[in-house]
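Undergrad: Would you mind keeping the following structure in view while I ask a few things?
The values are calculated or read from the model by the stated rules, or taken from the named source; none is laboratory data. In this text, all values refer to a predicted model and were calculated from it rather than measured experimentally. Using ideal geometry, Cβ is built from the backbone for each residue, glycine included, and neighbour counts are taken over all protein chains shown. Keep in mind that these areas ignore ligands, DNA and RNA; they rest on the heavy atoms of the full protein, side chains included. Shrake-Rupley method; radii C 1.70, N 1.55, O 1.52, S 1.80 Å.
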Amino acid sequence: QNLRTTHYANGTSIALGSSTSTTTAYRYYPNNSSSNVSTYGYLYNWKAVMRNSSSSSANPSGVQGICPNGWHVPSDAEWTQLTNYVGNQTQYQCGSSSTKIAKALASTTGWSSSSTTCAVGNNPSSNNSTGFSALPAGFYSGNYYYFGLNAYFWGATEYDGSNAYDRNLNYNSAYVGGYYNNKSYGYSVRCVRD
């Protein structure tokens, strides 16, 4: 499930944001509605996710960051390990393609519909064979975007001074995307058990 904490493991609270920042840790309501938190968790900027930790490309990342004790923020290498594993299991592939695995990772509810074969929004009741349950919480970048359309997850790996790597799913796509985006954006977070 998506992280929905309002504080770090040591009890320090994470402020509810109403603007973007790369220097202040913020959390945001998905689609600017507190009623979405119970299902979708919060969106967090990269500052909140990392909690003053350095970028990590290691596997495991070694970055507790925003995660509870005994858990860590996955590095880009850990995300790649996950998608490679899922892609190599025939039961998780769509159309016998090792890259068309988004449906296997996406939740069965919340997604806009799509007519594209193997897309997350095409017959979503058949999604989530892995149990990962990626939810389309969208993102925050000064405004709220793509709620119901996309899921974005931060990782612990920096691309450069302004950007960090993410993983994302789109209602109209069969693929799991991996890009880098501005650290000020609010994305979902998944913690991995140490």
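Undergrad: Report, by residue number, each residue of the stretch 102-126 that is within 17 Å of the chain's Cα centre (by Cα), open to solvent by less than 40 Å² (accessible area, probe 1.4 Å) and among the polar types (S, T, N, Q).
TA: Result: SER107, single match.
Undergrad: ASN150 - would you say it is within 22 Å of SER19 (Cα to Cα) and out of contact with any helix residue (DSSP H, G or I) (no Cβ under 9 Å at 6 or more places or on another chain)?
TA: yes
Undergrad: Only one of these is in a loop (DSSP other than H, G, I, E, B), closer than 24 Å to ARG193 by Cβ and of a type in the set (Val, Ile, Thr): THR5, THR83. Name it.
TA: THR5
Rundown of residues vs (1) in a helix (DSSP H, G or I); (2) under 30 Å from ALA25 (Cα atoms); (3) of a type in the set (A, V, I, L, M, F, W, C), yes/no style:
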| position | (1), (2), (3) |
| --- | --- |
| THR99 | no, no, no |
| ALA119 | no, no, yes |
| ASN122 | no, no, no |
| PHE132 | no, yes, yes |
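Undergrad: OK, next. Could you give every pair whose Cβ atoms fall below 9 Å, whose first residue belongs to the stretch 131-152 and is under 16 Å from ASN172 (Cβ atoms), and whose second residue is among the basic types (Lys, Arg), counting only separations of at least 6 or pairs across chains?
TA: If the second residue must be among the basic types (Lys, Arg), the pairs left are ALA134/ARG167; ALA134/ARG190; ALA151/ARG167; TYR152/ARG167.
Undergrad: Restricting to the stretch 23-38, count the residues that are part of a helix (DSSP H, G or I) and open to solvent by 70 Å² or more (accessible area, probe 1.4 Å).
TA: 5
Undergrad: Looking at CYS67, CYS94 in this structure, which one is out of contact with any strand residue (DSSP E or B) (no Cβ under 7 Å at 6 or more places or on another chain) and under 30 Å from ARG27 (Cβ atoms)?
TA: Among CYS67, CYS94, only CYS67 is out of contact with any strand residue (DSSP E or B) (no Cβ under 7 Å at 6 or more places or on another chain) and under 30 Å from ARG27 (Cβ atoms).
Undergrad: Determine whether THR20 is assigned to a loop (DSSP other than H, G, I, E, B) and surrounded by 12 or more Cβ atoms within 10 Å (Cβ to Cβ).
TA: yes
Undergrad: List the pairs whose first member sits in the stretch 3-17 and is among the small types (Gly, Ala, Ser), whose second member is exposed (fewer than 15 other Cβ atoms within 10 Å of the Cβ), and whose Cβ atoms are under 8 Å apart, counting only residues at least 6 apart or on separate chains?
TA: Note: pairs meeting the criteria are ALA9/PRO68; ALA9/ASN69; SER13/THR6; SER13/HIS7; ALA15/THR24; GLY17/THR24.
Undergrad: OK, next. Tell me, which residue of the stretch 83-98 that is in contact (Cβ under 8 Å) with a residue 40 or more places away in the chain and open to solvent by less than 60 Å² (accessible area, probe 1.4 Å) is farthest from ASN128 (Cα to Cα)? Show your work before the answer.
TA: Filtering the stretch 83-98 down to residues in contact (Cβ under 8 Å) with a residue 40 or more places away in the chain leaves 83, 86, 94-95, 97.
Now drop any that are not open to solvent by less than 60 Å² (accessible area, probe 1.4 Å), which leaves 83, 86, 94, 97.
Working: THR83: 14, VAL86: 12, CYS94: 12, SER97: 16 Å.
Checked the stretch 83-98; the qualifying residue farthest from ASN128 (Cα to Cα) is SER97.
Undergrad: Conditions: (1) touching a helix residue (DSSP H, G or I) at 6+ places or on another chain (Cβ under 9 Å); (2) open to solvent by 20 Å² or more (accessible area, probe 1.4 Å). GLN64 meets all but one. Number of the miss?
TA: Every listed condition holds for GLN64 apart from (1).
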